[in-house]
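Asks: The following block contains the structure, expressed as structure tokens.
The values are calculated or read from the model by the stated rules, or taken from the named source; none is laboratory data. Because the structure is predicted, anything quoted here is derived from the model rather than measured. Counting neighbours? That spans all protein chains shown, and the Cβs are built from the backbone with ideal geometry, glycine included.
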Amino acid sequence: MEIRPIFSALMRSKVSMILIGLQVALTLAIVCNALFIISERLDRMDRPSGMNEADTFWFGSTGFGQGFDVNGVQQSDLQLLRRLPGVAAATSVLSVPMSGGGWSTGISLQPNQRTSTASTAMYATDAQGLDTYGVKLVAGRNFKQEEVVARSINDRGVPSVIIVTRALADALFPGGDAIGKQVYLENDGPTSTIIGIVERAQTPWMGSDFIENATFSPSYMPYGTSTRFLVRAEPGRRDEVMKTIEQKMQEANPSRIIGRLRSIEQVRREAYSGDRAMAIILGVVIAALLAITALGIVGMASFWVAQRTKQIGTRRALGATKFDILRYFQTENFIITTLGLVAGGVLAYALSLWLMHAYQSPRLPWYYVPVGFLCLWMLGQLAVLGPALRASRVPPAVATRSV
Amino acid sequence: MLKMTHLQKVYRTHLIETYALRDFSINVREGEFVAVTGPSGSGKTTFLNICGLLEEFTGGEYWLDGVDVRGLDDNARSRLRNEKIGFIFQSFNLIPDLNLFDNVDVPLRYRGFGASDRKHRIEESLSRVGLASRMKHYPSELSGGQQQRVAIARALAGSPRLLLADEPTGNLDSLMARGVMELLEEINRQGTTIVMVTHDPELAARAHRNVHVIDGQVTDFDSEPALRTSSRESGMGNRESAHTEPVSP
């Protein structure tokens, strides 16, 4: 290999080498960190909510006029919904995972605990709640209808029984014996007994640091004259049910407005729209950076080939084969890219440390940089291939031309 | 060493055919020093390019050191060029970004010699041209005459059988030109065959034999090389083998 003489020759024209090397270094540092951020966002977007998202939807009902009996309408609406063709289950809810709004509280193991043992989202629902959400009960039992209590949003009270997610149960009772245990939802209030554990139900807040902690309370809890309903359709019939639901509800009781009809898949899309946008923007930035770097390499190599035509002809006259010339330019690019990558590797980890410090982002996994090395080496070799092939086609007779 | 018979080189476009060499025949024997002269555009450089396997020809035969070069592919021509031919160019064609050591090293690397063999050859050839002490210098730090000496060292390092010189003193003043010419004569005396293209009749006169080219054809040649060389016989160890015989001028 001609690494030493090529490197020596490059050291005589440092500016071009440094510029391309810097471009490669910045590309590696930015691409590695951007890819890691994209990967994190994609992982976030892939997190399961615990719900049956494919078949469920939710909507709101807001009554108007004097004397609107929100509790009575809520019950009659539930009966109507459960009778509708295509509906597998329905319940009234306060919130659903990923919706962005809801109720949270702290759970303590002792009364008047200084800080609660864990934080949790609260989902108010009835005996059909778990079935409608589609969450999986993995221990204990479901609510009985007689345990469900009508409450006001301003006077939420403390439920005597609750069902919690496995993550919350583990946080409260790491020993794994949460069923039957009593916890405090209010500092000095009565206790609530854990009667069941569901596998998973995320909180409504995607950025929450207790996203897997949720508690189901057996409650009907309208908000003023508003109620929200969650409906699970029979498999494959969600859109069909959604199309007619508004009209049927309106026909049943015209003294209210039906609105905010959303499938849970739509709720997920909206919840993660920021992450999706971030991933797309960073993807475009990565593609643009790679393209600019590749074009920079192509430009520099093309310039060098044009500048060194006579030198290439001389090398050919002195016995270089076309492959020798091709290899010369590929090796030259390899050297420049490698120098840039070494600097870029350091820069990538430095940028990651800065992001950790400034934005509390996780540390860049070590393998991103070596994978980036391989990708940029390949990119460099591909980018230089065209100019190098052109160089290899320079005829040896160029050596004897006077211009 | 080098034998061309009825060689032809035609450049064709869809409108016109231009003969650069026409019915060109020459026989250069081992150890000879042949000067090729002729006006600009006469075909001297085309002849040199074909001699050095830098260009292909369109008709006739060319044997180089017993090898029929017709039909050789590009790689085989490169190998043959590297093994058997040393080039000296008018404008030296040194690589400006490489020091003298690395410049002389260029053809040796393509030859595939090992590092120690290359080092030995580089040092020996640079010593031969009196520049061993300047191995780490760059071409821009040398005079034109010194650069041409480096080019000669590069041409000699691979021990070629044939040295092709294209106006080797064309870019040098008379003093430097004389030094380079003396060096070429010395190399020839040590047994290397030299074919030199030149405009300079004074330089041509110092060769064993002159071949004059006009319009791509050999129009005149020195038929008495022995007479020409007898005056410089002292020091030419292979004078007997230096006898030349034009095939068909």
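Asks: Report whether or not residue A:293 is over 52 Å from the mean Cα position of the chain (by Cα) and of a type in the set (S, T, N, Q).
Replies: When the stated conditions are applied, residue A:293 does not pass them.
Asks: Which members of region B:37-83 meet the condition of being among the charged types (D, E, K, R) and either touching a helix residue (DSSP H, G or I) at 6+ places or on another chain (Cβ under 8 Å) or under 17 Å from residue B:194 (Cα atoms) (or both)?
Replies: B:44, B:55, B:56, B:65, B:74, B:81, B:83
Asks: Continuing with this model, one more query. For region A:261-284, give me each residue that is surrounded by 14 or more Cβ atoms within 10 Å (Cβ to Cβ) and under 27 Å from residue A:381 (Cβ atoms).
Replies: Selection gives A:282 alone.
Asks: Here's a follow-up. If I go through region B:89-136 residue by residue, how many of them are closer than 23 Å to residue A:313 by Cα and assigned to a loop (DSSP other than H, G, I, E, B)?
Replies: Final tally of qualifying residues: 13.
Asks: Out of A:36, A:57, report the one residue that is in a strand (DSSP E or B) and surrounded by 16 or more Cβ atoms within 10 Å (Cβ to Cβ).
Replies: A:57
Asks: Can you find a residue in region A:175-195 that is part of a loop (DSSP other than H, G, I, E, B), under 29 Å from residue A:263 (Cα atoms) and in contact (Cβ under 8 Å) with a residue 12 or more places away in the chain? Before the answer, list the steps.
Replies: So the first thing to find is which residues in region A:175-195 are part of a loop (DSSP other than H, G, I, E, B), and the list is A:175-181, A:185-190.
Pick out the ones that are also under 29 Å from residue A:263 (Cα atoms) and you get none.
Checked against the condition, which is being part of a loop (DSSP other than H, G, I, E, B), under 29 Å from residue A:263 (Cα atoms) and in contact (Cβ under 8 Å) with a residue 12 or more places away in the chain, region A:175-195 yields no hits at all.
Asks: Residues in region A:196-205 that are outside any loop (DSSP other than H, G, I, E, B) and among the small types (Gly, Ala, Ser): how many? So that I can check it myself, show each step before the final result.
Replies: Of region A:196-205, the ones outside any loop (DSSP other than H, G, I, E, B) are A:196-198.
Now narrow it down to the ones that are among the small types (Gly, Ala, Ser): A:196.
Summing the residues that are outside any loop (DSSP other than H, G, I, E, B) and among the small types (Gly, Ala, Ser) in region A:196-205 gives 1.
Asks: Out of all the residues in region A:288-299, is one or more closer than 15 Å to residue B:81 by Cα and assigned to a helix (DSSP H, G or I)?
Replies: Within region A:288-299, not a single residue is closer than 15 Å to residue B:81 by Cα and assigned to a helix (DSSP H, G or I).
Asks: Continuing with this model, one more query. Output the residue which, of all residues in region B:41-72 that are without any contact (Cβ under 8 Å) to a residue 60 or more places away in the chain and at the interface with another protein chain (Cβ under 10 Å from one of its Cβ atoms), is farthest from residue B:136 (Cα to Cα).
Replies: Only one residue fits best here, namely B:56.
Asks: Let me ask you something else. If I ask for residues that are assigned to a loop (DSSP other than H, G, I, E, B) and either loosely packed, with under 12 Cβ neighbours inside 10 Å or in contact with a strand residue (DSSP E or B) (Cβ under 6 Å, 6 or more places away or on another chain) (or both), which ones from region A:363-387 would you list? Steps first, please.
Replies: At the first step, the residues of region A:363-387 found to be assigned to a loop (DSSP other than H, G, I, E, B) are A:363-367.
Passing the criteria: A:363, A:366, A:367.
Asks: Mind checking which residues of region B:124-144 are within 22 Å of residue B:182 (Cβ to Cβ) and either in contact (Cβ under 8 Å) with a residue 40 or more places away in the chain or surrounded by fewer than 19 Cβ atoms within 10 Å (Cβ to Cβ) (or both)?
Replies: Listed by number, the residues that qualify are B:124, B:127, B:128, B:129, B:130, B:132, B:133, B:134, B:139, B:142, B:143, B:144.
Asks: Filter region B:73-97 for residues that are touching an Asp or Glu at 6+ places or on another chain (Cβ under 7 Å) and facing chain A (nearest Cβ under 9 Å); which is surrounded by the most Cβ atoms within 10 Å (Cβ to Cβ)?
Replies: In this case the residue turns out to be B:89.
Asks: Looking at (1) closer than 22 Å to residue A:25 by Cα; (2) more than 14 Å from chain B (Cβ to nearest Cβ), which is the one condition that is false for residue A:331?
Replies: (2)
Asks: Going through region B:150-175 one residue at a time, which ones are under 16 Å from residue B:196 (Cβ atoms) and in a helix (DSSP H, G or I)?
Replies: If the condition is that a residue be under 16 Å from residue B:196 (Cβ atoms) and in a helix (DSSP H, G or I), then B:151, B:152, B:155, B:156 are the ones that fit.
Asks: Against the condition in contact (Cβ under 8 Å) with a residue 12 or more places away in the chain, closer than 30 Å to residue B:68 by Cβ and among the basic types (Lys, Arg), how does residue B:121 come out, does it pass?
Replies: Values: in contact (Cβ under 8 Å) with a residue 12 or more places away in the chain: yes; closer than 30 Å to residue B:68 by Cβ: yes; among the basic types (Lys, Arg): yes.
So residue B:121 fits the description; yes.
Asks: I would also like to ask the following. Can you tell me how many residues within region A:1-38 are away from chain B (no Cβ under 14 Å) and of a type in the set (Asp, Glu)?
Replies: Adding up the residues that qualify gives 0.
Asks: So for region A:317-325 (the condition being in contact with a Leu (Cβ under 7 Å, 6 or more places away or on another chain) and within 14 Å of chain B (Cβ to nearest Cβ)), does at least one residue qualify?
Replies: Checked region A:317-325: at least one residue is in contact with a Leu (Cβ under 7 Å, 6 or more places away or on another chain) and within 14 Å of chain B (Cβ to nearest Cβ).
Asks: Taking residue A:116, is it at pLDDT below 95, among the hydroxyl-bearing types (Ser, Thr, Tyr) and part of a loop (DSSP other than H, G, I, E, B)? Walk me through it before giving the result.
Replies: Numbers: at pLDDT below 95: yes; among the hydroxyl-bearing types (Ser, Thr, Tyr): yes; part of a loop (DSSP other than H, G, I, E, B): yes.
For residue A:116, the condition - at pLDDT below 95, among the hydroxyl-bearing types (Ser, Thr, Tyr) and part of a loop (DSSP other than H, G, I, E, B) - is met.
Asks: Now for a separate question. If you check residue A:388 against the conditions, is it in contact with a Leu (Cβ under 6 Å, 6 or more places away or on another chain), closer than 30 Å to residue B:46 by Cα and of a type in the set (Gly, Ala, Ser)?
Replies: Answer is yes for this residue.
Residue-by-condition table, conditions (1) at pLDDT 95 or above; (2) not in a strand (DSSP E or B):
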residue: A:207; (1), (2): no, yes
residue: A:219; (1), (2): no, no
residue: A:232; (1), (2): yes, no
residue: A:244; (1), (2): no, yes
residue: A:248; (1), (2): no, yes
residue: A:254; (1), (2): no, yes
